[in-house]
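Worksheet: one structure, shown below.
The values are calculated or read from the model by the stated rules, or taken from the named source; none is laboratory data. It should be emphasised that the depicted structure is a prediction, and the values quoted were computed from it without experimental measurement. We place every Cβ from the backbone using ideal geometry, glycine too, and count neighbours over all the protein chains shown. What goes into the accessible areas is simple: the full protein's heavy atoms, side chains included, and nothing from ligands, DNA or RNA. Shrake-Rupley method; radii C 1.70, N 1.55, O 1.52, S 1.80 Å.
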Amino acid sequence: MKLGCFSVSLAVKDLAASMVFYRALGFEPVAGDPAQNFVIMQNGPTKVGLFQGMFEDNLMTFNPGWSESAEPLEEFTDVRELKAQLAKAGIEAESAPIETDKGPGHFVIKDPDGNHILFDQHV
């Protein structure tokens, strides 16, 4: 099972202030759009997604189909297959079904402690 690129997705109150803070820690924007209330920032291999008004809580995020450099991968485990494999292991998704047979899709699960994990495929 290839989960894809990992990041922490933070629910922030003030995107601009959060960007200033994470820049001071050495992070640089690599994806997203402040006009759409989200930015992905990177420092070396570490990624932090800053999301204003999109999530209630912080999340762990996996992006199937993306490398650690946020480049599309030729081979990866599709988000629909990941969801099916997790269901076979007794881990059910909390979000609505993925409506398409290929391409972008997402779902959310919770770990035993209630932490949310987002699987968000962009390719």
Please go through the range 72-123 and give me each residue that is open to solvent by 90 Å² or more (accessible area, probe 1.4 Å), out of contact with any strand residue (DSSP E or B) (no Cβ under 8 Å at 6 or more places or on another chain) and either closer than 20 Å to VAL8 by Cβ or part of a strand (DSSP E or B) (or both), ordered by number. PRO112, ASP113
Mind listing whichever residues of the range 2-32 are among the acidic types (Asp, Glu) and either under 20 Å from ASP57 (Cα atoms) or in contact (Cβ under 8 Å) with a residue 24 or more places away in the chain (or both)? ASP14
Selection count, the range 29-71, where residues are surrounded by 13 or more Cβ atoms within 10 Å (Cβ to Cβ), assigned to a strand (DSSP E or B) and not aliphatic (A, V, I, L, M): 14
Exception for LYS13 within (1) modelled with pLDDT of 95 or more; (2) in contact with a helix residue (DSSP H, G or I) (Cβ under 9 Å, 6 or more places away or on another chain); (3) basic (Lys, Arg) falls at (2)
What about LEU15, is it of a type outside the set (Val, Ile, Thr) and farther than 27 Å from GLU99 by Cα? yes
Residues of the range 1-28 satisfying the condition of being open to solvent by 60 Å² or more (accessible area, probe 1.4 Å) and over 20 Å from GLU68 (Cβ atoms): LYS13, ASP14, ALA16, VAL20, PHE21, ARG23, ALA24
Out of GLY114, GLY105, GLY90, I need the residue that is modelled with pLDDT of 95 or more and not acidic (Asp, Glu). Which one? GLY90
